[in-house]
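Structure first, commentary second.
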Amino acid sequence: DRFRPVVGGIRIEQVYRGPGFEDYIPGCTLGFTGVVGSTPVVLTAWHCIGWTGTLRTSGWAEIYQPYRNSWNLIANSIQATCSYFWVSNILVTSCDIVAMRSLVPREPRVFRPTESSTPQYGQVVRRLCTYDVPLGSELVKAGITTDVTRGRLIRYCFDVRYTGERWGRLTFDVVVLCTVVTTMRTERGDSGSPVYRFEGSNDRLGAYAIHSGRGPEGAIVSNICRLPVYVDPTR
């Protein structure tokens, strides 16, 4: 359904464009909302817009909520991507997160932060960097496919490789450096999900990461502090 103001954990659809092409992704999950300086932003997985925004993928991207149509546009410009460099035909990046400038009202909350419908929202009260959460601690994510799932943080720094990524006619691999591995269950469509820790109660959340993909040990997530800009997810 349509959320205004937008919050984390809800369905989005993405479009990205380059010279002579337009691609459409039918569903990811909105991560956290926040601000970069004084600019309002929304966060999701960078791969949800096809890694648009590098020297070789210089184009435009849009995010809609919940479905793609003219009155559901919520973001249409990239505010920040992860740090990156190209090695031959491989994009090497510090994380799988993109911050898009928000065009609509937003609130620093996550919809359905627990498996039950109570509480309906969780308030983001803290920003957590990688080592703020000890190994073995519980992390939670809210995604549009598998809803709320929980798991344990089992690895701090795992380099993951995604093969056969496409941007227009360009085909390439992506290496995401130092991702965090958790045991939570995820499926296609959960990409971009907010990953958080409960801060004393189920309606108080510490924003930790954005869900990226799946590996042999569990879910791959990118910590929000890996972005080269400071995002405040509590505002």
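The values are calculated or read from the model by the stated rules, or taken from the named source; none is laboratory data. Nothing here was measured: the structure is a model prediction, and the numbers come from that model. Because the Cβ atoms are built from the backbone with ideal geometry, glycine has one as well, and the counts that use them run over all protein chains shown. Accessible surface is based on the protein model in full, side chains and every heavy atom, while ligands, DNA and RNA are left aside. Shrake-Rupley method; radii C 1.70, N 1.55, O 1.52, S 1.80 Å.
Descriptive notes on the structure:
- Each of the peptides 151-158, 85-92, 188-195 was scored by the mean count of other Cβ atoms within 10 Å over its residues; in descending order, highest first, they stand as 188-195, 151-158, 85-92.
- FRET efficiency, 1/(1 + (r/R0)^6) with R0 41 Å, evaluated for W60 and R4 via beta carbons: 0.95
- Accessible area of F21 in the full protein assembly, 1.4 Å probe (Å², nearest 10): 40 Å²
- Theoretical gain in end-to-end length, N69 to V175 [0.36 nm per residue, Cα-Cα removed]: 34.9 nm
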